[in-house]
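Visitor: Take this structure first; my questions come after.
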Amino acid sequence: MKLSRIISNQNGVSRRLANQLLAAGRVLVDGRVCRDGSVDVPRFEEVRIDQHIVQQAQPAYYLMLHKPAGYLSATRDEQHPTVVELIEPDLRAHLHIGGRLDRASTGLLILSSDGQWSRRLTEPAIKIPKVYRVTTAEPISPQTSERFAEGIWFEFEQLTTSPARLEQLSDREARVTIFEGRYHQVKRMFHAVGNRVTSLHRESMGSLILDPGLPIGGYRHLTKDEISSIG
Ligand code: URA
């Protein structure tokens, strides 16, 4: 929310008074004077007028989970276990998922309470590379990497995917890097070239790499450097 709005939402504080308080340097965001009412202040930052707290800082959580197969990337489901059930109960209510994985897929899943931050991971325009290790039903044809690099036409969305990279690891195994995160994207790309994905494991999203020390189903908090790397 805009800082001026946070201030003027207080009882008895008009817009005019909010501007005066800002100009007088009496408004502090996380302990620093801020005179610009137009800045967006996330709910994770404290706002004070003099000594009076007008917005309590909410805790922000940033987690990486080693997703097991069989878990839905959702916060609630009647039928299937969800990834959020793998997280300690106190944190669950705050979290949403930054880039889903299909139920059968495994690997790096990011969960956060900071929607603005996690949207950067999934926003197609930002083009964060997502790297998957893929196994296929049929041998991967030599044309596959060329087709992926050209982009694959997705009829439903009426668009061509951004150029993707394919590094062949064996006959039916590859490392694929995509720069968006469209619905079932990797599976649909292989389907478009007459193949079928039999297993899909996400290794990384941008600079966030699945921690090799995390057991399947385990999670950890991101470090400060990992959080700020998604800028
Ligand atoms: N592409 C897919 O097809 N599935 C995933 O889970 C992720 C990317």
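No lab work stands behind these numbers, since they all come straight from the coordinates. On a predicted model such as this, the values are computed, not experimentally measured, just so you know. Note that each Cβ is placed from the backbone with ideal geometry, even for glycine, and that neighbours are counted across all protein chains shown.
Residue by residue, here is whether (1) within 30 Å of V134 (Cα to Cα); (2) surrounded by 14 or more Cβ atoms within 10 Å (Cβ to Cβ) holds:
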{"site": "A18", "(1), (2)": "no, yes"}
{"site": "R32", "(1), (2)": "no, no"}
{"site": "P42", "(1), (2)": "no, yes"}
{"site": "V83", "(1), (2)": "yes, yes"}
{"site": "S113", "(1), (2)": "yes, yes"}
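Visitor: Let me ask something else about it. Does the range 1-33 hold any residues that are of a type in the set (A, V, I, L, M, F, W, C) and either assigned to a loop (DSSP other than H, G, I, E, B) or touching an Asp or Glu at 6+ places or on another chain (Cβ under 6 Å) (or both), and which are they?
Guide: Answer for the range 1-33, where residues must be of a type in the set (A, V, I, L, M, F, W, C) and either assigned to a loop (DSSP other than H, G, I, E, B) or touching an Asp or Glu at 6+ places or on another chain (Cβ under 6 Å) (or both): M1, V13, A24, V29.
Visitor: If I go through the range 153-182 residue by residue, how many of them are within 14 Å of the ligand (Cβ to nearest atom) and over 24 Å from the mean Cα position of the chain (by Cα)?
Guide: Number satisfying all stated conditions: 0.
Visitor: Can you name every residue in the range 128-171 that is surrounded by fewer than 17 Cβ atoms within 10 Å (Cβ to Cβ), assigned to a loop (DSSP other than H, G, I, E, B), in contact with a Ser or Thr (Cβ under 8 Å, 6 or more places away or on another chain) and touching a residue at least 24 places away in the same chain (Cβ under 8 Å)?
Guide: P129, A137 - these are the residues of the range 128-171 that are surrounded by fewer than 17 Cβ atoms within 10 Å (Cβ to Cβ), assigned to a loop (DSSP other than H, G, I, E, B), in contact with a Ser or Thr (Cβ under 8 Å, 6 or more places away or on another chain) and touching a residue at least 24 places away in the same chain (Cβ under 8 Å).
Visitor: Right, another one. Could you check the range 1-16 and list, in sequence order, the residues that are in contact with a Ser or Thr (Cβ under 7 Å, 6 or more places away or on another chain), surrounded by fewer than 16 Cβ atoms within 10 Å (Cβ to Cβ) and either more than 30 Å from S112 (Cα to Cα) or among the hydroxyl-bearing types (S, T, Y) (or both)?
Guide: If the condition is that a residue be in contact with a Ser or Thr (Cβ under 7 Å, 6 or more places away or on another chain), surrounded by fewer than 16 Cβ atoms within 10 Å (Cβ to Cβ) and either more than 30 Å from S112 (Cα to Cα) or among the hydroxyl-bearing types (S, T, Y) (or both), then S14, R15 are the ones that fit.
Visitor: Test of understanding: among H80, H94, which residue is in a loop (DSSP other than H, G, I, E, B), within 16 Å of the ligand (Cβ to nearest atom) and in contact (Cβ under 8 Å) with a residue 12 or more places away in the chain?
Guide: Checking each option against the conditions leaves just H80.
Visitor: Also: Out of curiosity, is D36 of a type in the set (D, E) and part of a loop (DSSP other than H, G, I, E, B)?
Guide: yes
Visitor: Separate question: Taking the range 39-61 as the search range and keeping residues that are in a loop (DSSP other than H, G, I, E, B) and more than 28 Å from the chain's Cα centre (by Cα), which one is nearest to I7 (Cα to Cα)?
Guide: Of everything passing the filter in the range 39-61, D50 is nearest to I7 (Cα to Cα).
Visitor: Report yes if S199 is within 14 Å of the ligand (Cβ to nearest atom) and either among the charged types (D, E, K, R) or within 20 Å of K67 (Cβ to Cβ) (or both), otherwise no.
Guide: So S199 fits the description; yes.
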